[in-house]
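A short worksheet on the structure shown next.
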Amino acid sequence: MSTIRYLGHAGFVVEHRGTRILMDPWFFPAFLGSWFPYPDNRFLLDDVVSGEFDYLYVSHAHEDHYDEELLRKLDRSTKVIVAKYRSKVMVRHFRDLGFENVTALAHRESLELGPGLTATMLLDTSHKEDSGLLLDLDGFRFLDLNDCNTPMSELPGDIDLLAAQFSGAMWYPNCYDYPPAVMAEKVAGVRADLMDTLYRKVKLTGAKAYLPSAGPACFLDPELTQYNDRDATIFPVWEQVAEGFAQACPETDVVRLGPGDYLDVGNGIAVHAGGPLEEDLDAYRERRRDEWAEFHAGPEPEVSLREIEQYFHTLQTWNKRFLGDFSKDIRLVAGTADWDVRLGRLAEHFVIEGEEPYDPEYTLLVSPRVLRAIVDGRTGWEEALLSMRIGLHREPDVFDLTFMGLLRYGNHPAQTMQMLRERQNTETIERDGLRLQRFCPHAGEDLTFAEISGGRIECPRHHWIWDARTGECVDKASLPLRVEVLDEQALRKTENASGSE
Ligand code: FES
């Protein structure tokens with residue numbers, strides 16, 4: 001018999017025949033003091049800090065998984081398992097923290113952790129550095145995908161228990177300044193896409209049971225309280241989506257756990273539940289006042305023109321090949337200061353002074369504290385955006401992969417180089433009378449599983465949609481897909497078929 005204990009969010013302790021593995025433990029605020037575990041799981045902290053673990057697995061570098069404050073409290077002789085990312089960022093982090101035994105596993109690589117216990121690493125094989133772990137416990141297969149999107153064609157089958165995200169973990173669309181009706185429509189779209197992706201994961205893995213996990217978090221800083229609205233954001237709680245799940249995946253049992261609950265697994269699953277499933281946010285906010293208030297401590301910092309210039313100069317130098325002939329005018333607004341920045345390798349001056357005002361394609365409203373942290377290298381844009389402490393406006397309202405790639409991954413050029421390789425990948429597949437590029441130009445999903453109907457091709461991951469004949473992107477972004485019509489009759493058949501399921 002084995003036990004799987006839930007720590008809240010994406011955290012677990014798995015024990016099998018005396019081997020114990022701690023997975024993604026998260027307790028302290030993430031992303032500039034904005035995210036907190038929901039429900040509060042601090043009552044488990046002492047157990048985790050004083051617990052003896054043979055292995056520690058941390059899926060990726062986002063702070064709701066890689067909780068440095070917690071990791072500093074753990075026994076450094078614990079063996080660490082991480083994914084073998086191109087950037088090597090996880091190995092570096094753990095070595096810097098003093099962990100001596102760090103094993104980086106490649107995609108699909110397995111490691112025997114103890115008698116009857118094998119771990120297999122699963123990566124998001126695109127430029128995104130996320131991972132999941134498959135644990136085989138004497139034949140009981142527990143797949144922890146947290147918020148990792150391993151390509152659908154690479155997901156393992158015959159899964160007994162799947163733990164995966166159902167709620168959002170992204171700044172889009174809630175940080176944009178859309179009018180209320182547009183925002184409501186976009187939020188509904190993202191929520192539907194998240195559930196559709198989950199249903200596909202459940203079906204492809206053949207999961208007998210599903211454990212809702214990896215979110216939502218909550219926001220205790222009063223400045224961010226609007227993001228706790230479970231109806232108006234992409235951060236729903238399970239009860240809001242449970243009925244849709246039951247209809248879409250009627251053969252999969254749902255195992256709903258609160259922090260501290262556990263499962264006995266082996267011949268089936270015995271549930272020991274009773275831990276908290278919700279939280280009084282006002283009381284929680286008071287208990288953690290010192291932690292969220294830390295972000296606001298001290299006088300508002302200043303950032304100079306020279307620092308902004310230097311920052312973007314360095315960022316662009318690191319990413320010259322990725323940027324190619326890209327150019328984009330953006331505006332940064334921080335407190336009472338603002339800067340117009342021309343991004344692009346060909347731009348000689350990164351900050352434009354003394355020109356006539358113009359309409360930037362992207363405006364980022366950043367608090368000076370956030371900008372200070374970015375310019376000092378204490379945080380990256382990815383983390384700053386995830387903090388929800390940035391307001392965004394774009395004109396036209398179209399996703400720009402190069403711009404967001406530069407901001408999000410520019411400080412890890414190994415990731416932007418991978419984006420470049422993905423762009424240049426020429427592998428194709430043939431289906432429904434078409435030859436089309438195999439991997440999605442957005443984040444590399446395998447389009448073998450794309451929905452092709454009604455004259456449209458829809459990526460199963462983030463649901464970008466292209467015209468099947470021209471490859472023109474008709475929804476969500478502007479990047480085209482390489483398509484070629486091979487068999488007119490076969491294509492017509494899909495055109496006459498109804499839209500996506
Ligand atoms: S991977 Fe994001 S839309 Fe295809």
Q.
Please compute the modelled spin-label separation between ALA297 and GLU185, points set 7 Å along Cα→Cβ, answer in nm with one decimal.
A. 4.6 nm
Q | Estimated inter-spin distance, GLU430 and GLU223, nm [label 7 Å along Cα→Cβ] | A | 5.7 nm
Q: Please give, to one decimal in nm, the separation of the simple spin-label points placed at ALA242 and GLU100, each 7 Å out from Cα toward the Cβ.
A: 4.8 nm
Q) If ligands, DNA and RNA are left out, what is the accessible area of THR470 with a 1.4 Å probe, given in Å² to the nearest 10? A) 90 Å²
Q: Could you calculate the FRET efficiency of VAL49 with ALA283 from 1/(1 + (r/R0)^6), where r is the beta carbon distance between them and R0 is 22 Å, rounded to 0.05?
A: 0.40
Q: Give, as a single signed number, the net charge of other residues whose beta carbon lies under 13 Å from the beta carbon of ARG469, with Lys and Arg counted +1 and Asp and Glu -1.
A: -3
Q: Taking H placed 1.01 Å from N in the peptide plane, check which residues at least 5 places from VAL80 or on another chain put their amide H under 5 Å from its amide H.
A: LEU56, ASN101, VAL102, THR103
Q: Provide the FRET efficiency to the nearest 0.05 for the GLU484-ASP75 pair, computing r from the beta carbons and using R0 = 56 Å.
A: 0.50
Q: Give me the percent of the accessible area of segment 432-501 that comes from carbon and sulfur atoms, probe 1.4 Å, all protein chains in place.
A: 44 percent
Q.
If Rh is defined by the Kirkwood formula over all Cα pairs and Rg also comes from Cα, what ratio Rg/Rh do you get for segment 425-496?
A. 0.92
(Q) On a straight-distance basis, which lysines could pair with LYS79 in a cross-link, Cα separation under 23 angstrom, same-chain partners fewer than 8 positions away excluded? (A) LYS88
**Q.** For segment 194-205, Karplus couplings with θ = phi - 60° (6.51, -1.76, 1.60), whole Hz, Gly/Pro x
**A.** 4, 6, 4, 4, 5, 4, 5, 4, 4, 5, 5, 8
Q: Report the one residue of PHE53, PHE43, GLY33 whose Cα lies farthest in the direction of the positive end of the charge dipole of segment 28-67 (charges on C-beta: Lys and Arg +1, Asp and Glu -1; origin at the Cα centre).
A: GLY33
Q: Could you rank the peptides 295-305, 414-424 by their average count of other C-beta atoms within 10 Å per residue, with the highest value first?
A: 414-424, 295-305
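Compare the peptides 322-329, 20-27, 359-366 by average per-residue count of other Cβ atoms within 10 angstrom and give them in order, highest first. Write down the numbers at each step before the final one.
Values: 322-329: 16.6, 20-27: 24.1, 359-366: 18.4.
Taking the mean over residues of other Cβ atoms within 10 Å, the ranking is 20-27, 359-366, 322-329.
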Q: Excluding residues on the same chain fewer than 8 positions from LYS476, give the lysines whose Cα lies under 20 Å from its Cα.
A: LYS128, LYS186, LYS328
Q. When the C-alpha atoms of segment 207-262 are aligned to their principal axes, what extent does each axis show, in angstrom, from largest down?
A. 42, 26, 13
(Q) Can you compute 3J(HN,Hα) from phi for each residue in segment 368-377, using the Karplus curve 6.51 cos²θ - 1.76 cosθ + 1.60 with θ = phi - 60°, rounded to whole Hz and x for Gly and Pro? (A) x, 5, 5, 5, 4, 5, 5, 4, 7, x
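Magnitude of the Cβ-charge dipole of segment 305-418, K/R +1 and D/E -1, about the Cα centre, nearest 20 debye? Walk me through the numbers on the way to the answer.
Numbers: 13 positive and 18 negative charges, 123 e Å.
For segment 305-418, the charge dipole is close to 600 debye.
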(Q) Can you tell me how segment 305-418 classifies by the Cα gyration tensor, rounded, prolate or oblate, using a/c under 1.5 as the rounded cut? (A) rounded
Q.
Can you bin every Cα-Cα distance in the chain into 20 Å intervals starting at zero and give me the percent of pairs per bin, rounded to whole numbers?
A. 22, 57, 21, 1
Q. What net charge do the residues around THR448 carry, taking every other residue with its C-beta under 14 Å from that of THR448, with Lys and Arg at +1 and Asp and Glu at -1?
A. -3
Q) Where the centroid of each part is defined by its Cα atoms, how far is segment 253-286 from segment 198-241 in Å? A) 15 Å
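The values are calculated or read from the model by the stated rules, or taken from the named source; none is laboratory data. Here the structure is a predicted model, which is why all the values come from computation and not from measurement. Cβ: placed from backbone, ideal geometry, glycine included. Neighbour counts: every protein chain shown. The accessibility values were calculated without ligands, DNA or RNA, using every heavy atom of the protein model including side chains. Shrake-Rupley method; radii C 1.70, N 1.55, O 1.52, S 1.80 Å.
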